[in-house]
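What follows is one structure encoded as structure tokens, with my remarks underneath.
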Amino acid sequence: MEPSQLTQIAADARDAAYAPYSKFKVGAALLTDNGEVFTGCNIENASFGLTICAERTALFAAVAAGVRTFSGIAVSSSHAVCPCGACRQVLNEFNPTLDVYLGDETGQMVTKTSLDRLLPEAFGPDNLR
Ligand code: THU
């Protein structure tokens, strides 16, 4: 799948975001190795610290469905923002070199980067062997 298409899917997933406190809506679309896409959005909570980001919502949906191999993730918000540190760490667990596409609310891809650039020298599963 083209990065631009994945970014558009992330922008569509953003519509479901539950962000009454920050008003900052985020959508994510995670591409699996066999071409399937899992989407996510941020889900906030009155107990603010329990908020979950769009990226982790998408990843956890995929893993819960039995899928663990990913090639890319697109993230869309009002402007292109990078995944937070917690999401970088959680994504690193499954693919340290994941492609990362950042898009705006129109679904336009603004930047392409990769997880190893966003989280260099990561701590991961190999460190526990
Ligand atoms: N958020 C995400 O969903 N993903 C990110 O990469 C950055 C932040 C959410 C969490 C919170 O609901 C809102 O954006 C403001 O931080």
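Checking each residue in region 80-129 for being under 15 Å from the mean Cα position of the chain (by Cα) and on the phi > 0 side of the Ramachandran plot picks out only G107. Within region 53-70, the set of residues being of a type in the set (G, A, S) and over 12 Å from the mean Cα position of the chain (by Cα) comprises A64, A65, G66.
Of the listed requirements (1) outside any loop (DSSP other than H, G, I, E, B); (2) buried (at least 19 other Cβ atoms within 10 Å of the Cβ), D116 misses just one: (2). Screening P96, P83, P125 for residues that are at pLDDT 95 or above, exposed (fewer than 12 other Cβ atoms within 10 Å of the Cβ) and out of contact with any Lys or Arg (no Cβ under 7 Å at 6 or more places or on another chain) leaves exactly one candidate, P125.
Could you tell me whether region 67-86 includes any residue that is touching a Cys at 6+ places or on another chain (Cβ under 8 Å), part of a helix (DSSP H, G or I) and within 12 Å of the ligand (Cβ to nearest atom)? Yes, because at least one residue in region 67-86 is touching a Cys at 6+ places or on another chain (Cβ under 8 Å), part of a helix (DSSP H, G or I) and within 12 Å of the ligand (Cβ to nearest atom). Restricted to region 28-45, and to residues there that are near the ligand (Cβ under 9 Å from one of its atoms) and not in a loop (DSSP other than H, G, I, E, B), the residue that is surrounded by the most Cβ atoms within 10 Å (Cβ to Cβ) is A28.
Whenever a residue of region 48-71 is among the charged types (D, E, K, R), its partners that are more than 9 Å from the ligand (Cβ to nearest atom) and not in a helix (DSSP H, G or I), lying with C-beta atoms within less than 6 angstrom and at least six residues away or across chains, give the pairs R68/F94.
Pick out the one residue from A62, A58, A10 that is surrounded by 24 or more Cβ atoms within 10 Å (Cβ to Cβ), closer than 18 Å to V90 by Cα, more than 8 Å from the ligand (Cβ to nearest atom) and not charged (D, E, K, R). Talk me through it step by step, then tell me what you get.
Numbers: A62 fails: surrounded by 24 or more Cβ atoms within 10 Å (Cβ to Cβ); A10 fails: closer than 18 Å to V90 by Cα.
Criteria check complete, one pass: A58.
Counting just the residues of region 46-55 that are over 13 Å from F24 (Cα atoms) and of a type outside the set (A, V, I, L, M, F, W, C), which one comes out farthest from the ligand (Cβ to nearest atom)?
The selected residue is S47.
Taken over region 99-113, the residue count meeting the criterion of being within 14 Å of the ligand (Cβ to nearest atom) and crowded, with 19+ Cβ neighbours inside 10 Å is 4.
The values are calculated or read from the model by the stated rules, or taken from the named source; none is laboratory data. Remember, predicted model here, so these are calculated numbers, not experimental data. We place every Cβ from the backbone using ideal geometry, glycine too, and count neighbours over all the protein chains shown.
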